[in-house]
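First the structure, in the form of structure tokens, and then the observations on it.
The values are calculated or read from the model by the stated rules, or taken from the named source; none is laboratory data. Remember, predicted model here, so these are calculated numbers, not experimental data. For neighbour counting, all protein chains shown are included, and Cβ atoms are generated from backbone atoms with ideal geometry for every residue, glycine included. Ligands, DNA and RNA are stripped out before the accessible areas are found, and what is left, the full protein with its side chains, is counted by its heavy atoms. Shrake-Rupley method; radii C 1.70, N 1.55, O 1.52, S 1.80 Å.
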Amino acid sequence: MIKLKTPQSYVAVVPSILSADQLNLAKAISFAEQGGADWLHIDIMDGHFVPNLSFGPATVACINKKTVLAQDVHLMVEYPEAFINSFVKAGASALTLHIEAKGDLKILLSQIKKQGVAAGISIKPDTKPQEILPYVELLDLILVMTVYPGFGGQGFLENGPAQISGVREIIKRSGRQIWLEVDGGINKETARGAVKAGANALVAGNAIFGARDIAKAITEIREAADAS
Ligand code: DX5
Ligand code: ZN
């Protein structure tokens, strides 16, 4: 398993394979890797927590054999407990659970950390950043959703910057090294506002894998982030 580094001085650009050509995933991943992606974002959906289906542990295991990039696994599932061990075994670098999911999240986050995997928590657009407070000591990553989860290609929601700056404040106060990742509607235009509000990792699906030139799309998002 590839370890996720602690937050660095740069902004991580994280392509989400949800928008990649599913019959040419290996090609898409290799373009992303050569184009300078920092990690890969893998969306896991169960058809209950979100009204869609996507990948499973076998996808993560296969990707692991093909890339040197860390896999940032976003669990949009109602019962994360049922899946944690399989994704750890498959080689996930980070596992992010939703605060709105079922189960004892403290126990689950500790279980992830104990196995050497970075532990993350995600909030949907209507969840208040303060709800993260009880978990902060266990976190390596916080994922702020700036669309309603389930589908790629949606627009960045208006309350995104407020959500991001609320989480940034919590991280600052904790004094801990926690990634602040933003997911949903990120492109070269919205990247700027997300970074200004405090993000240091940007997930982008449609803006990267929907582009004709994947490397160029990554560079454009990175440049927008650096200019913020
Ligand atoms: C949505 C997923 C996202 C998705 C983002 O539920 O969590 O990771 O791939 O896609 P874009 O960047 O197209 O909004
Ligand atoms: Zn995601």
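For the stretch 80-94, state whether one or more residues are modelled with pLDDT of 95 or more, of a type outside the set (Asp, Glu), assigned to a strand (DSSP E or B) and open to solvent by less than 40 Å² (accessible area, probe 1.4 Å). Looking for residues that are modelled with pLDDT of 95 or more, of a type outside the set (Asp, Glu), assigned to a strand (DSSP E or B) and open to solvent by less than 40 Å² (accessible area, probe 1.4 Å), one finds at least one in the stretch 80-94, hence yes.
Can you tell me which residues in the stretch 21-36 are in a loop (DSSP other than H, G, I, E, B) and either farther than 14 Å from Ala215 by Cβ or open to solvent by less than 10 Å² (accessible area, probe 1.4 Å) (or both)?
Let us first name the residues in the stretch 21-36 that are in a loop (DSSP other than H, G, I, E, B), namely 21, 35-36.
Asp21 - this is the single residue of the stretch 21-36 that is in a loop (DSSP other than H, G, I, E, B) and either farther than 14 Å from Ala215 by Cβ or open to solvent by less than 10 Å² (accessible area, probe 1.4 Å) (or both).
Being in contact with an Asp or Glu (Cβ under 9 Å, 6 or more places away or on another chain), within 16 Å of ligand 2 (Cβ to nearest atom) and closer than 17 Å to Pro7 by Cα is a condition met by at least one residue of the stretch 165-182. Inspection of the stretch 155-162 finds a residue satisfying the criterion of being more than 17 Å from the chain's Cα centre (by Cα) and either over 27 Å from Leu53 (Cα atoms) or charged (D, E, K, R) (or both).
Per the conditions (1) open to solvent by 10 Å² or more (accessible area, probe 1.4 Å); (2) in contact with a Phe, Trp or Tyr (Cβ under 6 Å, 6 or more places away or on another chain), the sole criterion not satisfied by Met76 is (1). Any residue in the stretch 83-93 that is under 18 Å from the mean Cα position of the chain (by Cα) and under 27 Å from Ala211 (Cα atoms)? Yes - at least one qualifying residue is present in the stretch 83-93.
Going by the conditions given, is Lys102 within 15 Å of ligand 1 (Cβ to nearest atom) and either part of a loop (DSSP other than H, G, I, E, B) or in contact with a strand residue (DSSP E or B) (Cβ under 6 Å, 6 or more places away or on another chain) (or both)? Here the answer is no, as Lys102 does not meet what is asked.
Of all the criteria given as (1) under 16 Å from the mean Cα position of the chain (by Cα); (2) within 15 Å of ligand 2 (Cβ to nearest atom), the one not satisfied by Val117 is (2). For Leu18, the criteria (1) touching a residue at least 12 places away in the same chain (Cβ under 8 Å); (2) surrounded by fewer than 20 Cβ atoms within 10 Å (Cβ to Cβ) hold in every case but one, which is (2).
Scanning the stretch 37-73 for residues that are open to solvent by less than 40 Å² (accessible area, probe 1.4 Å), assigned to a loop (DSSP other than H, G, I, E, B) and β-branched (Val, Ile, Thr) gives Val50, Thr67.
The criterion of at least 2 residues that are away from ligand 1 (no atom under 11 Å from the Cβ) is met, among helices (runs of 4 or more DSSP H) falling completely within the stretch 122-228, by 160-174, 190-197, 214-226.
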